[in-house]
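The structure appears below as structure tokens.
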Amino acid sequence: MTTPSRALGVAFSDARDASHGAGVVVRADGTPDGFAFARCTVGGTDATDAVIDCWRTLAREDVRHVVCAGVAPAWFNLLDLDELAETLDRPVYAVSYEASPGLEPALRDAFDGEALADRLAAYRSLPPRVPVGDPDSDRPRFVRAVGIEPERAAAAIRGLTRDGFRRCEPLRIAALAASAHREAATAE
């Protein structure tokens, strides 16, 4: 099966000191089928825990894949894809949308000492980015995958993407939900 029957998409939307995350279960036909919300610290190290919190809140054994919007939500609060795949017992992949030389230069500019060492170790532990389609197109996509071959993750991303959209449905809907969650929280 190329497209999972249900995938959990996770995206974050940053506010001043907290990033508001949304986890959205999406069926293969693009229909949302469950929402969960979590927060992590902007510039912190708790983004992986926020994804796990969404997973546990939803308690959905029918979810087959977990799709994350990038690996560095909340200003370099890096996700540990290996820990996610092991804890959730599902394939996990992160999708990004820009060609890039990588995060190391930006991490070096933003952090030093132990904070830099910890983030560099987390970043270097990530699997390589693999293009989903043509990386030289005007709308490139890349995937980092754990627990699934990158080519199968890329096929799943293509299968979960509606015509005319760049983001796959689990991430598109999760980004909308995360933004709404942030707006509601900052309005309080």
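The values are calculated or read from the model by the stated rules, or taken from the named source; none is laboratory data. Computed from a prediction, not measured in an experiment: that's the story for all the values here. Glycine also receives a Cβ, built like all others from the backbone with ideal geometry; neighbour counts cover every protein chain displayed. Just the protein is used for accessible areas: all its heavy atoms, side chains included, with ligands, DNA and RNA removed. Shrake-Rupley method; radii C 1.70, N 1.55, O 1.52, S 1.80 Å.
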Search result, residues across segment 98-118 that are part of a helix (DSSP H, G or I) and touching a Lys or Arg at 6+ places or on another chain (Cβ under 7 Å):
Leu107, Leu116
Kindly provide the set of residues from segment 151-164 that are touching a residue at least 24 places away in the same chain (Cβ under 8 Å) and either open to solvent by 30 Å² or more (accessible area, probe 1.4 Å) or under 16 Å from Ala69 (Cα atoms) (or both), ordered by number.
Arg152, Ala153, Ala154, Ala156, Ile157, Arg158, Gly159, Leu160, Arg162
Among Arg141, Arg167, Arg129, Arg119, which is over 12 Å from the mean Cα position of the chain (by Cα), open to solvent by 60 Å² or more (accessible area, probe 1.4 Å) and either over 25 Å from Ala59 (Cα atoms) or touching a residue at least 60 places away in the same chain (Cβ under 8 Å) (or both)?
Arg129
Given (1) closer than 23 Å to Phe76 by Cα; (2) buried (at least 21 other Cβ atoms within 10 Å of the Cβ), Asp112 misses just (2)
Subset of segment 39-78 that is buried (at least 20 other Cβ atoms within 10 Å of the Cβ) and touching a Cys at 6+ places or on another chain (Cβ under 6 Å) - its residue that is modelled with the lowest pLDDT:
Ala74
Of everything in segment 143-179, what is part of a helix (DSSP H, G or I), over 16 Å from Ala85 (Cβ atoms) and of a type in the set (Gly, Ala, Ser)? Give them in sequence order.
Ala154, Ala155, Gly159, Ala174, Ala175, Ala177, Ala178, Ser179
When every residue in segment 2-24 that is over 15 Å from Arg182 (Cα atoms) and free of Cβ contacts under 8 Å to residues at least 60 places away in the same chain is compared, the one surrounded by the most Cβ atoms within 10 Å (Cβ to Cβ) is Arg6
Kindly list the number of the only condition in (1) part of a loop (DSSP other than H, G, I, E, B); (2) touching a strand residue (DSSP E or B) at 6+ places or on another chain (Cβ under 8 Å); (3) at pLDDT 95 or above that fails for Pro135.
(3)
